[in-house]
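Let me begin by presenting the structure, written as C-alpha cells, before commenting on it.
Laboratory data are not the source of any read-out in this text; all were calculated from the coordinates shown. Bear in mind the structure is a predicted one, so any value in this text is a computation, not a measurement. Here the Cβ positions follow ideal geometry from the backbone for every residue, glycine too, while neighbour counts run over all protein chains shown.
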C-alpha cells in the first residue's frame, strides 16, 4: 500500500507559544506520528498549506483539488482544520478512482492528550477498505463527507440533521 498525505495545516499541526493561545501552524506532524506508530506502508507527505482552515480561500481549495488530481496515488489522506473540512471535501468529488479521507484533530498532535493519533489511525483503516469517494474520519466515525457536520459545542462531527 502506498498513500499520499496532503497536509493543509489546521489544529493537528498547531504550535502554541503562550497561555494566551498565540499559535502558528507548524510543520506537518503526520510523518512523525506514522514513524512513531511503526507503520508498514509507503507514504509521502506533501505540505500544500500551513493554514487554519478558517483562513482558507477558494484559491487554497482549488490548490488542494489540483494536488489531489496530480497525485499518482489512489489513496489520499488530507489533514485539514476541522472548521471548514466539509467545505473543502465538497469540492473534491469527481475522482472515480481515488479514495480521499479527511481527518484532523481538536487538539494539536504535539499535545499528549490529543485525538490526532486516533483520528489518523481511523483514517488509515478507512482508506484501506472504502470504495472511491470522499470521506471524513473523526471521533471514531467514518462517513461520506457530505453527510456530516461539525458540532462545535460538543467538539465532534455528527450526521447532518
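Quick rundown of the values:
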item: Calculated over segment 2-159: convex hull of Cα atoms, volume per residue (Å³); result: 106 Å³
item: At 1.306 mPa s and 10 °C, Stokes diffusion of segment 103-161 via Kirkwood alpha-carbon radius, µm² per second; result: 133 µm²/s
item: Within the chain, percent of DSSP bridges classed antiparallel, to nearest 5; result: 35 percent
item: Order of 102, 111, 95 - criterion: other Cβ atoms within 10 Å of each residue's Cβ, fewest first; result: 111, 95, 102
item: Residue among 73, 24, 36 with the largest mean-square fluctuation in a Gaussian network model of the chain, springs linking Cα atoms under 10 Å; result: 36
item: Ellipticity estimate at 222 nm from DSSP helix runs (n ≥ 4, -39,500 (n - 2.57)) divided over the chain, nearest 500; result: -7500 deg cm²/dmol
